[in-house]
Amino acid sequence: MSSRVKADDEMCMVSAFMQSLDNAYVLPKEESPWSNMQKMNLYSHNRYAHINDTANGMTLRSDIHRCFDAHGFVFHPCGPTNHIVYIVDDGLDNYAHYLHCRLVDMLNRVSDKFLYARFAYTMIIVFSLAHSGRAIATKL
């Protein structure tokens, strides 16, 4: 997935930077059993790639990738291909100033179903942590 995603995206989907790029799974690889159970491969370009499909990948700058993996933000849909970065971790003041409500034009390659699943996944974790009284442990 990685070489194809980076070739398609050419830059960070959020910041448009072209250095320090990582491939990010939209729906985390650890959620592969859930993905298989929900038949997310139906929303992939290659039904046999499952969670490793390019529909579940995007290029992010390495620090933004870490923020995404730490449940620091979600992509909120605001049009057919447009999404807004929404910071959900109030411990990310620097990122909030830079990224909150940033418009992102998502490539058609990235499945909106994977993005919706990631939105729900992140919000469940954020609300679970908030309800338990624990802060989100963002490691950047």
What's the number of the condition residue 101 fails, among (1) at pLDDT 90 or above; (2) of a type outside the set (Ser, Thr, Tyr); (3) in contact with a helix residue (DSSP H, G or I) (Cβ under 8 Å, 6 or more places away or on another chain); (4) within 22 Å of residue 127 (Cα to Cα)?
(3)
Kindly establish whether residue 47 is surrounded by fewer than 21 Cβ atoms within 10 Å (Cβ to Cβ) and within 17 Å of residue 119 (Cβ to Cβ).
no
Looking only at residues in the range 106-122 that are among the polar types (S, T, N, Q) and more than 13 Å from residue 40 (Cβ to Cβ), which one is surrounded by the most Cβ atoms within 10 Å (Cβ to Cβ)?
122
Subset of the range 75-87 (residues that are farther than 12 Å from residue 14 by Cβ and not hydroxyl-bearing (Ser, Thr, Tyr)):
76, 77, 78, 79, 80, 82
Which of the residues spanning the range 15-38 are of a type in the set (A, V, I, L, M, F, W, C) and either in contact (Cβ under 8 Å) with a residue 12 or more places away in the chain or surrounded by 13 or more Cβ atoms within 10 Å (Cβ to Cβ) (or both)?
17, 21, 24, 26, 27, 34
Take the residues of the range 3-47 that are in a helix (DSSP H, G or I) and among the acidic types (Asp, Glu): which is farthest from the chain's Cα centre (by Cα)?
8
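The values are calculated or read from the model by the stated rules, or taken from the named source; none is laboratory data. Here the structure is a predicted model, which means the values were calculated and not measured. A quick note on method: Cβ atoms are made from the backbone with ideal geometry, for glycine too, and the neighbour counts reach across all protein chains shown.
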